[in-house]
1. Is it the case that residue 33 is among the small types (Gly, Ala, Ser), within 14 Å of the chain's Cα centre (by Cα) and either closer than 19 Å to residue 4 by Cα or surrounded by 14 or more Cβ atoms within 10 Å (Cβ to Cβ) (or both)?
2. I'm trying to understand the selection: among the residues of the range 83-102, which are surrounded by 13 or more Cβ atoms within 10 Å (Cβ to Cβ), out of contact with any Pro (no Cβ under 6 Å at 6 or more places or on another chain) and modelled with pLDDT of 90 or more?
3. Is there a residue in the range 36-53 that is more than 16 Å from residue 4 (Cα to Cα), within 15 Å of the chain's Cα centre (by Cα), assigned to a loop (DSSP other than H, G, I, E, B) and not aliphatic (A, V, I, L, M)?
4. Restricting to the range 44-93, name every residue that is of a type in the set (Ser, Thr, Tyr) and farther than 20 Å from residue 11 by Cβ.
5. Please verify whether residue 63 is surrounded by fewer than 17 Cβ atoms within 10 Å (Cβ to Cβ) and under 19 Å from residue 1 (Cα atoms), treating the condition exactly as stated.
6. Consider the range 8-23. How many of its residues are surrounded by 15 or more Cβ atoms within 10 Å (Cβ to Cβ) and either in contact (Cβ under 8 Å) with a residue 60 or more places away in the chain or of a type in the set (Ser, Thr, Tyr) (or both)?
7. For residue 20, all conditions in the list (1) at pLDDT below 95; (2) under 20 Å from residue 90 (Cβ atoms); (3) not aromatic (Phe, Trp, Tyr) hold save one; what is the number of the exception?
8. I need the full set of residues from the range 76-92 which are acidic (Asp, Glu) and not in a loop (DSSP other than H, G, I, E, B), in order please.
Amino acid sequence: MYKFLIADDHPLMREAIRGALSHCFDKVTFLESDSLDSTIAVLRKSRNISIIIFDLTMPGCDNFYGLLRVKELFPSVPMVVLSASDSPEVISQVMAFGADGFIAKQQALKRLKKQ
């Protein structure tokens, strides 16, 4: 059983991610958050999160602070950053700060399923 936390402040984006991933995994539970504070609250309350799909620009996440804070508090939970900013500098910084992967919001669903 997988448990994914989708952390994005846009409900439509969370729904799209949930829809895309539900076709790729059997027996998956989705949890959601819409800010850094709600992400930390969900992580404190829930056990055995398989992965966090984390938007860099949610409320409370200024200048990579959210990523750093979540990795500091929950270092063993895998995290993939989801961002509209896909510059090499942003990707490099995200990975240097401990993310386990990066997905650009411009990425096509078809390409994600192949990876």
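The values are calculated or read from the model by the stated rules, or taken from the named source; none is laboratory data. Everything numeric in this text was worked out from a predicted model, so none of it was measured. Here Cβ is always computed from backbone atoms with ideal geometry, including for glycine, and neighbour counts include all displayed protein chains.
1. Details: among the small types (Gly, Ala, Ser): yes; within 14 Å of the chain's Cα centre (by Cα): yes; either closer than 19 Å to residue 4 by Cα or surrounded by 14 or more Cβ atoms within 10 Å (Cβ to Cβ) (or both): yes.
Answer is yes for this residue.
2. Correct list: 90, 91, 93, 94, 95, 97, 98, 99, 101, 102.
3. Checked the range 36-53: no residue is more than 16 Å from residue 4 (Cα to Cα), within 15 Å of the chain's Cα centre (by Cα), assigned to a loop (DSSP other than H, G, I, E, B) and not aliphatic (A, V, I, L, M).
4. Looking only at the range 44-93, we keep the residues that are of a type in the set (Ser, Thr, Tyr), and these are 46, 50, 57, 65, 76, 83, 85, 87, 92.
Correct list: 50, 65, 76, 85, 87, 92.
5. Details: surrounded by fewer than 17 Cβ atoms within 10 Å (Cβ to Cβ): yes; under 19 Å from residue 1 (Cα atoms): no.
Criteria not met by residue 63.
6. Our first condition is that a residue be surrounded by 15 or more Cβ atoms within 10 Å (Cβ to Cβ); within the range 8-23, this holds for 8-9, 13-14, 16-18, 21.
Filter once more, keeping what is either in contact (Cβ under 8 Å) with a residue 60 or more places away in the chain or of a type in the set (Ser, Thr, Tyr) (or both): 8, 13, 17.
Within the range 8-23, residues that are surrounded by 15 or more Cβ atoms within 10 Å (Cβ to Cβ) and either in contact (Cβ under 8 Å) with a residue 60 or more places away in the chain or of a type in the set (Ser, Thr, Tyr) (or both) number 3.
7. If we test residue 20 against (1) at pLDDT below 95; (2) under 20 Å from residue 90 (Cβ atoms); (3) not aromatic (Phe, Trp, Tyr), just (2) comes out false.
8. Within the range 76-92, the subset acidic (Asp, Glu) is 86, 89.
The one that is acidic (Asp, Glu) and not in a loop (DSSP other than H, G, I, E, B): 89.
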